[in-house]
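Below is one structure, written out as structure tokens, with a few remarks after it.
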Amino acid sequence: MTTWEMAFDSAVHLWNLFTAGNPLGAQLAAGLSDVQRSEVIQVLDGMLRERSAGAPGAVLRAELNIGTGTV
């Protein structure tokens, strides 16, 4: 198992990476109105600040199980 660390400077940074760097993220965000998009970014900002003691950015960590196999 390994840990993948992803650093985000802000909620807008996270949003931009999610919607521009991931086809699924872009598809999910495509149907949102400007108001909905703003609300999502506001919620993300609050979540990042919870993880970073009030700072606007945070490092998010995901544990990954990586396996290899042979035939």
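Treat every Asp and Glu Cβ in the chain as -1 and every Lys and Arg Cβ as +1, leave all other atoms uncharged, and give the resulting dipole magnitude about the Cα centre to the nearest 20 debye. Don't skip to the end; give the middle numbers.
Working: 4 positive and 7 negative charges, 16 e Å.
With only Lys, Arg, Asp and Glu charged at Cβ, the dipole is about 80 debye.
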On Cα atoms only, tilt of 34-51 relative to the major axis of the chain in degrees: 60
Shape category assigned to the chain from the gyration tensor of Cα positions, a/c cut at 1.5: oblate
Ranked list, fewest to most other Cβ atoms within 10 Å of each Cβ, for S10, S52: S52, S10
Gain on full stretching of the segment that runs from R51 to M6 - 0.36 nm per residue minus C-alpha separation: 14.9 nm
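Read-outs throughout are calculated quantities, based only on the coordinates presented, and are distinct from any laboratory measurement. All values reported here derive from a predicted model rather than from experimental measurement. Every residue, glycine among them, receives a Cβ derived from its backbone with ideal geometry; neighbour counts consider all protein chains shown.
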